[in-house]
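Undergrad: This is the structure I have questions about; it appears just below.
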Amino acid sequence: MATTTAELVDDLAVKTPNNLDALLMPFTANRQFKENPRLLVSAEGMHYRSVDGREILDGTAGLWCVNAGHGRREIVEAVQHQAARMDYSPSFQMAHPLQFELAARLTAILPGDLDHAFFTNSGSESVDTALKIALAYHQANGEPGRTRFVGRERGYHGVGFGGISVGGTGNNRKQFRNQLPEVDHLPHTHSLEHNAFSRGQPEWGAHLADSLNSLIQLHGAESIAAVIVEPMAASTGVLIPPMGYLRRLRDLCDEHGILLIFDEVITGFGRLGASFACELFDVVPDLVTMAKGLTNAAVPMGAVGLRKKIHDTLMHGPEYMIELFHGYTYSGHPLACAAGLAALDVYRHDELFDRAAELAPYWEDAVHSLRDKRNVIDLRNLGMVAGIELEPRPGKPTTRAYDAFVRCFEEGLLVRTTGDIIALSPPLIVERSHIDRMFGIIGESLDQVA
Ligand SMILES: Cc1ncc(COP(=O)(O)O)c(C=O)c1O
């Protein structure tokens, strides 16, 4: 019987808790899960260990977040050190030095004049923060009538009310009908008809950005505050942006004084083989949201990057006035900052963003080696991300991919599914041998799932 929390942690690393009832799990089929729980208890490098002692290859970097691999000593030590020095300091009208250091180092790796940062605790908070900053900016800039937002179908921007409103994921909205008013959506860019089995960016689809023109005609540009998109929509099934699409959105926004927000919660920190997608595509947004890889997921943290003009416009009015009436108890939490600083060091020291770019062609070939597997109707890839789209079972959408997911897990591989799409995004320390194993297991699972 454990007497300390540490002993309890060790006890529970080898046995399933007796009672799984009390917890309502997020985005999970609770009753199905509790019948056959999948519990992870430790992690190192490319692998998790399950409660029954099996090694599980991490094909998803946790939830798209452990970009430098698990249990990085540098990050663990930084967090331990900071926890012993100062657990917490208030975030309003007070600060601690690590916040400033992290903001400086983070903005140094953001492109263009994205040279200010605001800290949050998650991607969802980053999104809601960015939307609020967009509104506050227009108000300070003498255009308070710009209050509308434009998101995109099949967008995922977290689970706050702002995020689900601009998000384009039906299931995430319909249980909670009361959303932000004045939101429109661009069409998504996914087309099996035109782009199936594309390698990297598909050629067809840049014109879909022009739908913004219709919304501008309908509502008037002077009513639109911002457009928010993921440069590559990940959570809703790995939807790769067509060539030229993001540039076209940028140009339209510039032409009409509309802010462009890139949600880089997943695409940031090397995932696509560059520091950020905006660097890769050479399109600088006005605001950029981040989270996940910011701390290598060791401590929850998010951030919003702001271009100079946004920040400077907010700095108006008397100096004793609070410029932005927004923030969180844990904005820039000391442990998160320590983890963030250590994570950025690891990324730089191990040159992980370059490593992702170098591995991407090998990854691409591995992804497309599944072309003849049964039920595969599309394969797509960008950087160190892949989507494997399966033909849904008639009348039973999602079940085929779910069965493949369970099979992979039983065979020692963690993948992720959305609908009937399997998504992959391994830690960027992945070796070629891991990639071979990953696609070997997936191939066998697809052979076996009817
Ligand atoms: C693009 C994007 N934005 C926002 C979020 C929400 O992040 P969080 O779950 O940390 O709130 C996610 C999560 O996957 C995401 O992919």
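Undergrad: Set Lys and Arg Cβ to +1 and Asp and Glu Cβ to -1, take the dipole of the chain about its Cα centre, and tell me which of ALA108, GLN217, ALA84 lies farthest positive.
TA: GLN217
Undergrad: Next up: Go through ALA303, LEU259, GLY155 and say which Cα lies farthest out towards the positive end of the charge dipole of the chain; charges sit on Cβ, +1 for Lys and Arg, -1 for Asp and Glu.
TA: So the residue furthest toward the plus end is GLY155.
Undergrad: Now, a different point. Would you please classify the overall shape of the chain from the alpha carbon gyration tensor, given that a ≥ b ≥ c denote the square roots of the eigenvalues, rounded means a/c under 1.5, and beyond that prolate means a/b larger than b/c while oblate covers the rest?
TA: Here the chain falls in the oblate category.
Undergrad: Moving to a separate point now. Looking at the chain, what % of its DSSP beta bridges pair antiparallel, to the nearest 5? Walk me through the intermediate numbers first.
TA: On the way: 33 of 49 bridges.
So the antiparallel bridges amount to about 65 percent of the total.
Undergrad: Same structure, new question: Return the long-range amide H neighbours of GLY302 (sequence gap of 5 or more, or a different chain), with a cut-off of under 5 Å between placed amide H atoms.
TA: THR120, ASN121, SER122
Undergrad: Now for a separate question. For the charge dipole of the stretch 335-415, defined by +1 on Lys and Arg C-beta atoms and -1 on Asp and Glu C-beta atoms about the Cα centroid, which residue among ALA360, GLY340, LEU414 has the Cα displaced farthest towards the positive pole?
TA: LEU414
Undergrad: Shifting gears a bit: Pull out a ≥ b ≥ c, the square roots of the eigenvalues of the alpha-carbon gyration tensor of the stretch 214-356, then state rounded if a/c is under 1.5, prolate if not and a/b is larger than b/c, and oblate in the remaining case.
TA: Oblate shape, in that a/c is at least 1.5 and b/c is the bigger or equal ratio.
Undergrad: Further question on the same structure: Which whole-Hz couplings ³J(HN,Hα) result when phi for each residue of the stretch 123-130 is put into the Karplus expression 6.51 cos²θ - 1.76 cosθ + 1.60, θ = phi - 60°, listed in order with x for Gly and Pro?
TA: Per residue, the Karplus-derived 3J(HN,Hα) values read x, 4, 5, 5, 5, 4, 5, 5 Hz.
Undergrad: Still on this structure, please answer the following. Under 13 Å from a label point 7 Å along Cα→Cβ of GLU323: give me every residue in the stretch 127-152 with its amide N that close.
TA: Flagged as within label range: 137, 140-141.
Undergrad: Give me the count of lysine pairs in the chain whose alpha carbons sit under 29 angstrom apart, restricted to pairs 8 or more positions apart or on different chains.
TA: 14
Undergrad: Report the chymotrypsin sites (Phe, Trp or Tyr not before Pro) located in the stretch 304-362 that are in a DSSP loop and have at most 12 other Cβ atoms inside 10 Å of their Cβ, or state none. Display every interim value, and only then the final one.
TA: Working: sites: TYR320, PHE325, TYR328, TYR330, TYR347, PHE353, TYR362; in loops: TYR320, PHE325, TYR328, TYR330.
Here the chymotrypsin sites (Phe, Trp or Tyr not before Pro) that fit, given the DSSP loop and packing criteria, are TYR320, PHE325.
Undergrad: In terms of the Cα gyration tensor, with a ≥ b ≥ c the square roots of its eigenvalues, is the stretch 190-283 rounded because a/c is under 1.5, prolate because a/b exceeds b/c, or oblate?
TA: Since a/c reaches 1.5 but b/c is at least a/b, the shape of the stretch 190-283 is classed as oblate.
Undergrad: So, one more: Give me LEU379, LEU192 sorted ascending by neighbouring Cβ count inside 10 Å, so fewest comes first.
TA: By the 10 Å Cβ count, ascending, the order reads LEU192, LEU379.
Undergrad: Using a basic spin-label model with each label point 7 Å from the Cα along Cα→Cβ, how many nm lie between PHE161 and ASP10?
TA: Between PHE161 and ASP10, the simple spin-label model gives 4.8 nm.
Undergrad: Order the peptides 427-439, 411-423 from the highest to the lowest mean number of other Cβ atoms within 10 Å of their residues.
TA: Most protected by this proxy first, the peptides run 411-423, 427-439.
Undergrad: Here is a follow-up. How would you rank 81-88, 296-303, 156-163, highest first, on the average number of other Cβ atoms within 10 Å across their residues?
TA: Ranking, from highest mean packing down: 296-303, 156-163, 81-88.
Undergrad: Can you compute the label reach from GLU77? Point 7 Å from Cα along the Cβ direction, backbone N cut-off under 15 Å, restricted to the stretch 348-368.
TA: Answer for this model: 349-350.
Undergrad: For the chain, give the magnitude of the charge dipole about the Cα centre (Cβ charges: +1 Lys/Arg, -1 Asp/Glu; no others), in debye to the nearest 20.
TA: 860 debye
Undergrad: Among ARG393, ARG31, ARG72, ARG54, which comes first, second and so on when ranked by fewest other beta-carbon atoms within 10 Å? Working shown, then result.
TA: Working: ARG393 16, ARG31 7, ARG72 23, ARG54 13.
By the 10 Å Cβ count, ascending, the order reads ARG31, ARG54, ARG393, ARG72.
Undergrad: Also, quick follow-up: What is the gain in length, in nm to one decimal, between ASN171 and SER223 on full extension, counting 0.36 nm per residue of separation less the C-alpha to C-alpha distance? Spell out each step's value before the answer.
TA: Details: separation 52, 0.36 × 52 = 18.72 nm, distance 2.81 nm.
My answer for the length gained is 15.9 nm.
Readers should treat all values here as calculations from the given coordinates under stated rules, not as data from a laboratory. Treat the numbers as computed from the prediction; the structure is a model and nothing was measured. All Cβ positions, glycine included, derive from the backbone under ideal geometry; neighbour counts span all protein chains shown.
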